[in-house]
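Participant: Could you have a look at this structure, given as structure tokens, before my questions?
The values are calculated or read from the model by the stated rules, or taken from the named source; none is laboratory data. The model shown is predicted, which means the values in this text are computed figures rather than measured ones. Note that each Cβ is placed from the backbone with ideal geometry, even for glycine, and that neighbours are counted across all protein chains shown. These area figures cover heavy atoms from the full protein model, side chains too; ligands, DNA and RNA do not enter into them. Shrake-Rupley method; radii C 1.70, N 1.55, O 1.52, S 1.80 Å.
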Amino acid sequence: MLFSRLINTLLAWVVLFCASSTQAQDAWPNKPLKFIVASSPGGGTDTFARVLGVSLGEVLGQQVVIENRPGASGNIGAAAVAKSAPDGYNFLVSANTTVTINSSLFKGLSYDPERDFVPVARVFSPLVLVVQPTAGIKTLKDLIAASQKDPGKWSFGSAGTGSTTYLGVKLLEEKTGAKFLHVPYKGVAPAFQDLLGGQIQFMMPDVTSALPFIKSGKLVPLAVEQRSALLPGVPSFADAGLQEVNTQTSFSLVAPMGTPAAVVERLHKEWTALTKTPALASKLESLGLVPDTENLSGLNASLKKERDFYAAFIKRNGIVASD
């Protein structure tokens, strides 16, 4: 009799525990979410993070706290999230630098993008080559010719070695034989400051970051990775005869590996649905952001393909993280 009572009590506790656990999962999210942004404020990554945070916060009924942790080509912010609790409340928003490039660029990374993160959502922003108006460069051909005449004289800024703002120009060098002077910065925002001030001549940032300066006439666009309705009249690199200059920036929301699959799936589902609403679709279009429409398995596969592309490119060109 006593044994039977003990068994019944134990079963009752198990049922109670399972019910409590289910209720806790059903209650997600029951506190604010944290998005660590692996860049300084003002760039495309930060822009995407804030649009993402506001949009998801509204549908989830919880605040999304944005915390910028720039530095080391995104590695500081990425490492922090990789070490955080996979409880459905910690996430990383970053450019493709941290999820597809840095693993081939840096030795001894404290995180592994394939093993430490699970992708949730992604958007694309094509790269655009912009020059300082006083540089006297009117077309992409002008810039290439000027570099070939004076190799290493024409300087460009980047968010650091390995960033897409750097690799885009390196791809341009590979395809044209041009040689430019690289000036690295700790993020795209300070690079823009020096470009606007004339300390450097050009950059290849994402459209999202560059658009305000182009609209104000402070920077002149020479070519864009792919034609954009936001930049009518600006030729693509293919239009300029450079069909293989097709790199672009992407911004991703990723979670620490081990985050409950139900959380990842819900966030992906909510974001995908939001991108199809007129309000958010219009907002993203105005910012030059193109949603990735793949499902979660497709998103994983495309990130791996991009990772392999950059690994081969970095190895072929002997690029090392020295800046």
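Participant: What residue among SER39, SER125, SER282 shows peak mean-square fluctuation when the chain is described by a Gaussian network model with Cα springs under 10 Å?
Facilitator: Sorting by GNM fluctuation, first place goes to SER282.
Participant: Hey, what angle do you get for helix 261-275 against the long axis of the chain, alpha-carbon based, 0 to 90 degrees rounded to 10?
Facilitator: Helix 261-275 and the main axis of the chain meet at about 50 degrees.
Participant: Assign unit charges at the C-beta atoms only (+1 for Lys and Arg, -1 for Asp and Glu), then state the dipole size of the chain relative to its Cα centre in Debye, rounded to the nearest 20. Each step should come with its number before you reach the end.
Facilitator: On the way: 29 positive and 25 negative charges, 52 e Å.
So the dipole magnitude of the chain works out to roughly 260 debye.
Participant: Next question, about the same structure. Whole Å is fine, so just give me how far the alpha carbon centre of the stretch 249-275 lies from that of the stretch 187-203.
Facilitator: That distance is 33 Å.
Participant: Let me ask you something else. Roughly what angle does helix 296-317 make with the longest principal axis of the chain, taking Cα atoms, 0 to 90 degrees, to the nearest 10?
Facilitator: 40
Participant: Is it possible to state the helix-based mean residue ellipticity at 222 nm for the chain, with each DSSP H run of 4+ residues giving -39500 (n - 2.57), the sum divided by total residues, to the nearest 500 deg cm²/dmol? What is it? Mind dumping the intermediate values first?
Facilitator: Details: 12 runs with 146 residues, N = 323.
For the chain, the value works out to -14000 deg cm²/dmol.
Participant: Right, next: Could you look at the chain and say what percent of its accessible area is carbon and sulfur, using a 1.4 Å probe and all protein chains?
Facilitator: Working: 8530 of 15000 Å².
Percent of accessible area from carbon and sulfur atoms in the chain: 57.
Participant: Here is a follow-up. Would you please give the residues with an amide H less than 5 Å from that of PHE117, counting only those at least 5 places away or on a separate chain, with H modeled from the backbone geometry?
Facilitator: MET257
Participant: Taking only Cα atoms and a 10 Å spring cutoff, compute GNM fluctuations for the chain and point out the largest among VAL290, VAL81, VAL37.
Facilitator: In this elastic network of the chain, the residue with the biggest mean-square fluctuation among VAL290, VAL81, VAL37 is VAL290.
Participant: Whole-Hz Karplus ³J(HN,Hα) for the stretch 222-227, in order, using 6.51 cos²θ - 1.76 cosθ + 1.60 and θ = phi - 60°, x for Gly and Pro?
Facilitator: Per residue, the Karplus-derived 3J(HN,Hα) values read 9, 7, 10, 4, 8, 3 Hz.
Participant: Taking the alpha-carbon centroid of each part, what is the distance from the stretch 161-182 to the stretch 68-96 in angstrom?
Facilitator: Measuring centre to centre over Cα atoms gives 27 Å.
Participant: Sticking with this structure for a sec: At 1.4 Å probe radius, can you tell me the per residue accessible area of the chain in Å²?
Facilitator: Values: 15000 Å² over 323 residues.
I get 46 Å² per residue for the chain.
Participant: Moving on to the next point. Once both axes come from the Cα atoms, what is the angle between helix 44-60 and the longest principal axis of the chain, in degrees from 0 to 90, rounded to 10?
Facilitator: The helix 44-60 is inclined about 30 degrees to the chain.
Participant: Could you give me the ³J(HN,Hα) list for the stretch 151-161, computed from phi with Karplus coefficients 6.51, -1.76, 1.60 and θ = phi - 60°, whole Hz, x at Gly and Pro?
Facilitator: Along the stretch 151-161, the couplings run x, x, 7, 7, 9, 10, x, 8, 7, x, 4 Hz.
Participant: Also, I was wondering about something else. What is the projected area of the convex hull of the Cα atoms of the stretch 166-286, averaged over all directions, in nm²? It would help to have the intermediate numbers written out before the result.
Facilitator: Numbers: hull surface 40.1 nm².
Seen from a random direction, the Cα hull of the stretch 166-286 projects 10.0 nm² on average.
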